[in-house]
Structure formats: C-alpha cells, structure tokens
Amino acid sequence: MNKKAKVSEHSGNAENVRDTSRVETPKRPQPTFVNAGVDALLMQFGQELDPCMPGFLASIRAAIIAELSDVVYEVVPSYASLLVYYEPRAVRTYDLEQALETIAEQTPWLCSPWSADAEAPGKLVEVPIYYYQPDDAIEENDMARVCEQSGLSFDEVVAIHSGRDYQVYALGFAPGFAYLGALDERIQLPRLANPRKNIAAGSVGIAEGQTAVYPQESPGGWNILGFSPFVWFDVNGHANGNVDKNTPAQQAALTPVQVGDRIRFKPMSKSAYEQAKAKFFAQQGDST
Amino acid sequence: MTGFRVIKGGILSLVQDTGRLRYQHLGVTRGGPLDAKSASWANRLLDNDPDAAVIEITAGGLELESRTQIMVAVTGGDLNLTLNGEPQPPWRSFWVRQGDRLKFATPRYGFRAYLAVSGGFQTTPILGSRATVQRDHLGGVDGKGSALKAGDELPCGHLQEETLSREIPMQYLPEISQDLVLHLIPGYQQHEFSKEAWQTLWHNEYTLSQNSNRMGARLEGMEIATPNKTFLSEGVSYGAVQVPANGQPIIMLEDRQTLGGYPKLGNILPLDGFRLAQCMPGAKIRFKPMSLAEGQQQMRRYLRFFGL
C-alpha cells in the first residue's frame, strides 16, 4: 500500500483554500478526474488509506445517485475513489465532472469514523469468528505461520485481530467480499507468494493492512486465521436477517454491510464454531 | 414448457443478456456477451428487445434439440453450424421445428457465435439479469452461474407460424480478423507510465494468450515498464488495459472483477473489444491511440443504432 499522501490541494478558489486549512477539516480532499473509457469517469481523492474516507465516499455516492440518476447509472466506491458509469449520449464528460465536483464540495467531511454516535453514517456490525489453533487440522490454516512470522503468540494474534473495529473500505473481488482495515501493523504480512487455488467459504484472511472474509469458495492469496459463519451476500436479500427498509431499493439488502460501515470480530468457542460451521455449509449446499 | 434441450454443452456455452447492472458496488460482476455487437444483431434479426437473452457459444461443440417451433438467429463467428446435418450459414434468421437439431462444430472463422430465439431465452433472471457469471455463481441456465451441459432445458416461446427469414446486409457484416488494431483511449494511470512504456505499447505487436478468458484478454509481447509504485484498488471499467509487474498487458472484459489495483494505461474502444472477442489465442494485436471524443462519437452511433 502506498502510504504517501498525494491529495491534490489546489482548487483555484481562494475561499476553498481557506476552508481546507480550517482546523475542523484539516484534510478535506479534493477530487481529481481521469477517464476510464467511453462511459466511465474515475473520481479520485488521493492515494491515502484514510479511515474518514469510506463514510465520505458513501455520502457522495448517495448524492450522485439521488441527483444525477438521469445520466449516471452506476457508482462503484473503492478506498479513495468512485468509478462513475454514465450514459455518454445524455451528458458531456466535462459537464459531468463539474456536477460531480459540486456534489463533492457540498458533502460534509465528517471525520469521526470511530464515533459511537447513532447518527454517524456507518453502522457497527458484529461478525463471529473462530480463530484456528495453530495445530487445527484445516487445509488453509495459516495461524502457525502468522505467529512465527509476526513473533507473537496465538493469544496475542487473536487479541490484536479482534481488538479493534474495522472500516468497510470497499466491496469487491467477489459478491459481498468486504475489504476491512486497517489491520494492526504487528500482524501485517504479505500475500502468499503462491495463491491457493481454493479457499473455503467463510475463511478469514489477512494481507498487508487489510482483513476480510471469503464469502464463497474462491482462489486467493491471503493468510487464513480462522472461520466465520457470517453471510456476506444473499441473492434473495436476507443476508443475516437484514431487513433494513432504509437501504435503497437497488441494494435490496443483498449484503448486510455497505462501504462506510464498521465491523467488530467477536471470537467464538470451538464448540460454537463446529455447530455454526455445519449449519453454514449445509446452507451453502442449499444455495449452490 | 417449450424450449431447447441441451444434447452437448460444448466448450463454453453461456446464457447472456446485457448484464447485471447496478450491483458492482457490492462486488457483483456485470457479465454480458463479449461480442455485444453480434449479440445485438442476433436480437435485431428477430425484432427482440435489445436485452433479450441469447446463448454465447465459445469455440463450438454445442448441440441442441428443439422442443418447440420458433424463429432463431445466429450471428458472430462461423462455427460451422448445421441444422439437422445441413450447413446453415450464419447472420440470418431461420425457422426451427420440433425435433430439429442445431449443432455448432468448430470455428471456421471467428471464435464466438450468438444464438437468439424470438422473444429471448426465458431462464430465471437473477438480480435483474439472465447473464451467466461463473465466478459469481449467478445467472444462467440454473441461476447459479453454470455453463450449459447435457440435459439442461432452455425455455423459450412457441410460434404458431413461421415468419419471414431475414439476413443482415453485406455492408453491416463485421470484419473478423486474427490481426487486430485496438484503439486505446488513455486514462486511469496514463501519466504514471513512462514515455518509453508508451512507445513500447504503440510500436510492438502482441499475441493473444491461451490464458485469456471472459475476465480478461491476456497479451504476450514486449514488456511494458510499469510505474515504480503501488496504487490503491479502484473500480475497473470495461476495456481497461492493466499492466501487472511482468509488463504483459491484460484487457479487462465483461467478467472482470469490479475492483483492481494494477496500473492501467486507459481503455480500449468497446467496439474493438467486440472484435477482440472473435480472436483466437495466437491472434496478433496492435494498439493505436484514440481521443475520448472520437471514441464516444462511435459508441453513441452504435448504441443509437441498436436502441441500447
């Protein structure tokens, strides 16, 4: 991950320059735009992993969908960018840039990602996890190696991984795959040199500054610490009992988390794990 | 229920429509026909909606038996189609009766054929689309992202009587060639690549790799120098040309992952991507720059023509 801030500070407007230097909004990022083909614009807010960014991007995304739905048909958020797909017959690219810039300027930069405030944009979701013992005979169990490479004991790895809340920075790679960060530096490890061809659904992995759960069986190169029966994507819109009526219709509660939400891992016992695992794979079998 | 019964699934035969829009923010891939223009023509020949579901047949081998009577149209690459053993030229619509057998053999030219039926195939839509995305386990004949296999049933309508057979005027037939120039609209990290990297791209010929698939067309050739830094993952749009550390470009296609962090030179013109879909591994590829305005003009014309 590139840690260097590359946020463009120029805005050409004296008032804005003064605004960005105010104490309460010290780092308000300005968007830059690059083309991403004939019908997409990439709206970038620097190259920094910033815990304030997901909520900010989620608000901008919602405003774009509300205000520009006649020309924009899809907005894909990531760590510090929004990919805006538009209808090239309905708008000129330059005009769209102006409209997007205005929306970004009008979106408040609420830099309180860890606040317990119920009004904060992101909700907190608890995700149960069973941390593999270093000697658990599980195909993709990397716990022993994680302990060895980090120089930490099993208990320390568990305490560190479950000891903080994570931001949902992006959903991608597979339906419902949530990129969570930031991981404590003490357990940051590189991806596997040789990615596995198959990682079981429910596997919890870490890679560099991130952690995530594989929602479905897939290839992957992350270091696997444990298992979670949490359902990240349900095509019928019932993911973990999610019946949130406030979610926009197009999201239809397919995923229990959105970019800007927070995740807290809650360790579970081995017996709870064995029950949950059996139930999880029985359900997987039903749906695939 | 009327429709077609799959006798042999072939190498890779997939139900496709214009794709699963508006779910990319959840990590759901769009999907859709790789040669969208040929798929549009197949629907146009039958006066179908532009987003009616068709079958994309890659490299041949699909065999179907009709359990209905209906007008069908076949476009795209020529996969030596026969109807009850009789050669059936592509790019036209024709009448199929109960018990008729459609058989796609091996490519004569091109790589992917499109089979449409009047009213489209009526498989169950998943998240608003019938498109098959195998990696996501979504859509297609079973709703779970599977390719066609022996024994599958493809539901579709039944016509009382044959309608007039139509074919596509010669001047509209696409040129299918294994020697292709792709127009690239610079974008994404274009300024992070060195002048030398761009020169390498413009002045060398690349070969379409065996390892290409619906996610991406992998090219092999002169190594393109990549920027000496890493980037945060960002949304990846159709036709993005990403260059991983080995310097071999990958053109991201309809089944691409929604996010990616490799540096990207820009995007190819989608119309060229459709032609690329007809290339076999080993095809020769060159790149040529194109402005965004020119690319958009060509795409607007295409979209308007097919009512997309």
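A few comments on the model shown:
- Residues being hydrophobic (A, V, I, L, M, F, W, C) and open to solvent by less than 10 Å² (accessible area, probe 1.4 Å) - total across the stretch B:28-44: 4
- Within the stretch B:111-155, the set of residues being more than 26 Å from A:Pro175 (Cβ to Cβ) and at pLDDT below 95 is empty.
- Number of the condition not met by A:Gly37 [criteria: (1) modelled with pLDDT of 95 or more; (2) assigned to a loop (DSSP other than H, G, I, E, B); (3) within 25 Å of A:Val213 (Cβ to Cβ); (4) within 14 Å of chain B (Cβ to nearest Cβ)]: (3)
- Some residue of the stretch B:168-183 being hydroxyl-bearing (Ser, Thr, Tyr), open to solvent by less than 80 Å² (accessible area, probe 1.4 Å) and over 27 Å from the mean Cα position of the chain (by Cα): no
- The residues on offer are A:Val125, A:Val158, A:Val84, and the sole one that is over 30 Å from B:Leu303 (Cα atoms), modelled with pLDDT of 95 or more and open to solvent by less than 30 Å² (accessible area, probe 1.4 Å) is A:Val158.
- Among residues of the stretch A:209-243 being part of a strand (DSSP E or B) and modelled with pLDDT under 90, the one that is farthest from the other protein chains (Cβ to nearest Cβ) is A:Gly220.
- Residue in the stretch B:134-167 that is most open to solvent (accessible area, probe 1.4 Å), counting only those that are closer than 19 Å to B:Arg67 by Cα and hydrophobic (A, V, I, L, M, F, W, C): B:Ala150
- Top-ranked residue of the stretch B:126-140 - restricted to ones that are among the small types (Gly, Ala, Ser) and in a strand (DSSP E or B), ranked as farthest from the other protein chains (Cβ to nearest Cβ): B:Ser129
- Of all residues in the stretch B:205-242, those satisfying the criterion of being of a type in the set (S, T, N, Q), closer than 27 Å to B:Gln178 by Cβ and out of contact with any strand residue (DSSP E or B) (no Cβ under 8 Å at 6 or more places or on another chain) are B:Gln210, B:Asn213.
- The stretch A:170-192, subset open to solvent by 50 Å² or more (accessible area, probe 1.4 Å) and more than 13 Å from every other protein chain (Cβ to nearest Cβ), residue farthest from A:Gln133 (Cα to Cα): A:Glu185
- Of the strands (runs of 3 or more DSSP E) that lie entirely inside the stretch B:1-120, those containing 1 or more residues that are among the β-branched types (Val, Ile, Thr) span B:3-9, B:12-16, B:54-58, B:70-78, B:92-96, B:109-117.
- Candidates B:Gln190, B:Gln199: the one that is within 14 Å of chain A (Cβ to nearest Cβ) and out of contact with any helix residue (DSSP H, G or I) (no Cβ under 8 Å at 6 or more places or on another chain) is B:Gln190.
The values are calculated or read from the model by the stated rules, or taken from the named source; none is laboratory data. Bear in mind that the values here come from a model prediction, so they are computed numbers and not experimental data. As a convention, Cβ positions derive from the backbone with ideal geometry for all residues, glycine included, and neighbour counts pool all protein chains shown. Accessible surface is based on the protein model in full, side chains and every heavy atom, while ligands, DNA and RNA are left aside. Shrake-Rupley method; radii C 1.70, N 1.55, O 1.52, S 1.80 Å.
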